[in-house]
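*Asks:* Below: one structure in structure tokens.
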Amino acid sequence: MTAVPDPSATPSSAPASASGGAAAATHATPMVELVDIRVSFGGVHAVDGVSLDLYPGEVMGLVGGNGAGKSTLMRVLSGAQSPDAGEIRINGRRVSIHNPRDARTHGIETIYQTLALADNLDAPANVFLGREKVSGFGTLDDAAMESATRELMERLNPRFKNFKTAVASLSGGQRQSVAIARAIEFNATILIMDEPTAALGPAETAQVRELIRQLKADGIGIFLISHDIHDVFDLSDRISVMHHGEIVGTVKRTDVTTDQVLAMIILGKPPDEVTSEELASLH
Amino acid sequence: MQPRQRRSVGGFSRVIDVDTRLIGLIFGLAVIWIGFNIASDGTFLSARNLWNLSVQSASIAIMATGMVLIIVSRNIDLSVGALLGFTGYTMAMAQTQWIPQGLGLGLDHPLTWVITLAFGLVLGAILGGIQGFVIAYGGVPSFIVTLGGLLVWRGLIFQYAQGQTIAPLDPTFRLLGGGPQGSLGEFGSWALGALACVAIVIGLLYNRRRRASYGFPVRPIWALVLLGAVAITVVLGGVWVANSYPWPGALAAQFAERNNIPIPPGGLVIPTGIAYPVLIMIAVTIVMTHLAERRRFGRNVYAIGGNPVAAVLSGINTRRTVMLTFAVMGILAAVSGAVQTARLNAAVTGLGVQNELDVISAAVIGGTSFSGGIGTIPGAILGAVVMQSLRSGMVLMRVDSPMQDIVVGIVLVAAVGLDALLRRRTT
Ligand SMILES: Nc1ncnc2c1ncn2[C@@H]1O[C@H](COP(=O)(O)OP(=O)(O)OP(=O)(O)O)[C@@H](O)[C@H]1O
Ligand SMILES: [Mg+2]
């Protein structure tokens with residue numbers, strides 16, 4: 001059990017495990033570094049001095065109880081929330097991300113927990129929202145957008161057939177597929193997935209897991225937020241646990257058990273500080 | 001029985017790929033027209049009345065296309081009537097005083113009307129844009145900003161007009177208002193109709209070919225032919241009606257005398273054709289539909305209305321987009337201002353008073369929803385025609401003006417209520 005509980009030590013704790021190591025070995029600098037990020041809403045410190053990094057081809061699982069600050073932290077990286085303090089580095093260079101457009105120019109795509117779909121528009125319009133394909137004379141090329149969306153859906157959710165109806169009339173899972181399609185259409189290098197499978201059925205969840213493995217193999221770095229601890233264990237190379245706006249610890253998946261991670265989430269303590277009584281009391 | 005019927009209408013509209021609401025609106029209009037025609041012993045559907053109806057609908061319909069985009073993006077513009085009045089009054093000043101005195105061009109110089117119109121449109125864009133700027137970047141609700149705008153623009157007219165009416169206007173400018181001379185004439189109208197038919201056929205086929213080339217489902221052949229046939233019938237029918245309305249006898253006689261044409265027994269019949277305001281309305285409809293459905297700008301407007309947060313997260317510049325919708329609305333108010341002053345051959349201080357209510361009603365009857373994200377340009381045009389049909393029909397029936405307002409008010413609420421009811425049942 002070699003947990004890495006000290007968040008300030010994260011750069012030295014670059015993943016060396018078999019699954020994440022291949023990519024990390026050739027890229028000494030992380031593709032994303034969040035340094036001492038702080039966000040507060042009124043008196044609430046939603047994110048309180050968090051540092052986190054991500055390497056190419058790595059899946060970083062981000063877990064924590066409700067209100068731990070996971071979404072807020074990721075919204076900082078995707079430009080949806082400006083931080084009160086802290087610094088973002090992409091491939092070692094300090095960048096400023098003021099809005100979602102800035103994030104996109106750095107290859108950051110986000111699947112928001114709220115999905116962020118325009119309910120009145122159809123699936124292709126949502127996938128290409130803000131980046132519509134246009135043909136000559138600047139007219140929208142709806143046929144090309146529909147075609148690209150159909151191709152994507154073939155991979156994501158082959159039973160998806162509602163390409164011409166407003167997404168308001170789709171099921172929760174279908175809507176989630178649209179949100180995922182939007183994030184992967186544009187060849188992101190950094191992908192933020194905030195509960196990407198929350199509304200999906202078993203078959204569709206399996207599809208998304210497969211997709212995450214593919215993207216990972218392509219060298220894309222992924223932040224994966226999920227409340228499903230098995231999902232996180234299956235897919236992540238490292239797992240970061242948040243509690244009350246702070247990082248409890250960042251650990252290699254191969255170094256911990258699900259029980260230990262659960263203990264970190266619930267008790268807000270790194271694994272080596274958890275007593276066996278506390279561990280037992282969780283069951 | 002009720003549900004089955006509704007389902008079959010919905011299924012039908014899905015197959016031919018036309019909005020259910022648009023079909024409902026067309027049926028509603030048909031009921032109004034046939035009802036008034038029976039009640040008026042055939043006067044309502046006479047060429048003369050329909051031609052007048054088309055001209056009377058034009059100025060409200062032009063502005064309603066812009067109001068659709070405003071309401072779709074969850075805003076409102078209460079200032080359009082005052083903006084129309086202000087730009088109309090300013091254009092009248094420009095052609096009667098500023099251009100003749102400043103540029104030395106007379107009231108009948110061929111450039112006068114062009115400069116006047118360009119000036120009016122730019123002014124409309126700027127004033128609308130200023131309101132849009134305060135709304136989008138200043139964060140003041142559009143209801144408040146445009147209510148203020150209504151008072152300011154109307155106040156400005158009274159301030160510098162001092163109750164004066166400006167008349168007469170430039171003779172070429174006047175043609176924008178319609179009338180026998182301000183119309184396309186027989187040949188021009190048929191030529192335009194033929195052109196429109198060709199465009200319809202090419203458009204339908206192109207669209208189908210394009211979808212087929214991607215392997216997407218397309219309309220069945222019968223639906224395509226039906227749709228094309230209906231569209232062509234409407235176009236040619238419209239031209240036929242416009243051409244069936246002859247110039248008034250006295251005017252035709254004057255014209256014959258001036259051009260040394262012998263007057264045949266029974267009087268000279270000169271078909272009027274499509275009036276210029278209607279032509280402007282058609283052009284505005286095409287441009288605005290293109291903007292709304294085939295441009296990024298329009299797509300972004302609908303996205304903002306559907307989910308403002310999602311629009312921002314998608315990287316859409318929502319502020320700029322909202323500001324632009326108000327600038328577009330300002331331009332359209334100026335277009336209608338030109339049409340109305342030209343039609344009156346005068347600028348009066350009360351120009352456009354309460355037009356905002358007609359414009360908003362037209363958009364709403366046409367299916368634009370205040371919850372945002374829903375509404376079409378063709379729907380708004382039909383909405384304007386429905387409103388004007390009610391008014392014109394009631395005039396024919398000698399219903400007095402207060403009673404007309406009462407009926408229009410009830411129809412407005414009933415139309416939106418019926419729509420909400422149907423929507424709740426179908427979803
Ligand atoms: N826009 C906001 N305004 C005020 N408070 C906010 C806002 N967004 C988040 N918060 C607060 O910040 C804290 C962290 O919220 P956040 O959404 O990041 O949690 P989370 O870890 O994603 O939780 P969950 O697992 O439920 O999604 C919470 O206390 C929340 O109430
Ligand atoms: Mg969250």
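*Asks:* Once you average over the residues of B:77-85, how many Cβ atoms of partner chains fall within 10 Å of each Cβ?
*Replies:* Going residue by residue through B:77-85 and averaging, the value is 0.
*Asks:* Which order do the peptides B:57-66, B:398-407, B:41-50, A:167-176 take when ranked by the mean count of other beta-carbon atoms within 10 Å per residue, highest first?
*Replies:* Averaged packing, sorted descending, gives the order B:57-66, A:167-176, B:41-50, B:398-407.
*Asks:* Further question: State, as an integer percentage, the relative contact order of segment A:131-258 based on alpha-carbon contacts under 8 Å between residues 6 or more apart.
*Replies:* 17 percent
*Asks:* Calculate, for the protein assembly as shown, the solvent-accessible area per residue in square angstrom, rolling a 1.4 angstrom probe over the heavy atoms of the protein chains.
*Replies:* 45 Å²
*Asks:* Excluding residues fewer than 8 places away in the same chain, name every one of the aspartates and glutamates whose C-alpha is closer than 14 Å to that of A:Lys133.
*Replies:* Excluding near neighbours in sequence, the set is A:Asp141, A:Asp142, A:Glu146, A:Glu185, B:Glu293.
*Asks:* Another question, then. Checking understanding here: applying a Kyte-Doolittle mean of at least 0.5 and a length along the axis of at least 27 Å (C-alpha), which whole DSSP H helices in chain B pass?
*Replies:* B:20-39, B:47-72, B:112-136, B:142-161, B:185-213, B:221-244, B:318-344, B:377-396, B:401-426
*Asks:* Need one word for chain B: rounded, prolate or oblate. Basis is the Cα gyration tensor (sqrt eigenvalues a ≥ b ≥ c); a/c below 1.5 gives rounded, then a/b vs b/c decides.
*Replies:* In terms of gyration-tensor shape, oblate.
*Asks:* If you take each beta carbon of peptide A:165-172 and count the beta carbons of other chains within 10 angstrom, what is the mean?
*Replies:* So the per-residue partner count for this stretch is 1.
*Asks:* If Lys and Arg each add +1 and Asp and Glu each add -1, what is the summed charge of the other residues whose beta carbon sits under 13 Å from the beta carbon of B:Ile304?
*Replies:* In short, +4.
*Asks:* In addition: Mind checking which lysines have their Cα closer than 23 Å to the Cα of A:Lys269? Skip sequence neighbours fewer than 8 apart in that chain.
*Replies:* A:Lys70, A:Lys252
*Asks:* Among rounded, prolate and oblate, which fits segment A:197-244 when a ≥ b ≥ c are the square roots of the eigenvalues of its C-alpha gyration tensor, a/c under 1.5 means rounded, and a/b larger than b/c means prolate?
*Replies:* oblate
*Asks:* Let me ask you something else. Take every DSSP beta bridge with both residues inside the protein assembly as shown and express the antiparallel ones as a percent of the total, to the nearest 5.
*Replies:* 60 percent
*Asks:* Hey, another quick one. Could you work out the mean count of beta carbons from other protein chains within 10 Å of each residue's beta carbon in B:295-308?
*Replies:* Taking all residues of B:295-308 together, the mean is 5.
*Asks:* Which of rounded, prolate, oblate describes the protein assembly as shown, given a ≥ b ≥ c as roots of the alpha-carbon gyration tensor eigenvalues and a/c under 1.5 marking rounded, otherwise prolate only if a/b is larger than b/c?
*Replies:* In terms of gyration-tensor shape, prolate.
The values are calculated or read from the model by the stated rules, or taken from the named source; none is laboratory data. What you are looking at is a predicted structure, and each value in this text was computed from that prediction instead of being measured. So basically every Cβ, Gly included, is an ideal-geometry build from the backbone, and we count neighbours across all protein chains shown. Side chains are part of the model used for accessible areas, which takes the heavy atoms of the whole protein and leaves out ligands, DNA and RNA. Shrake-Rupley method; radii C 1.70, N 1.55, O 1.52, S 1.80 Å.
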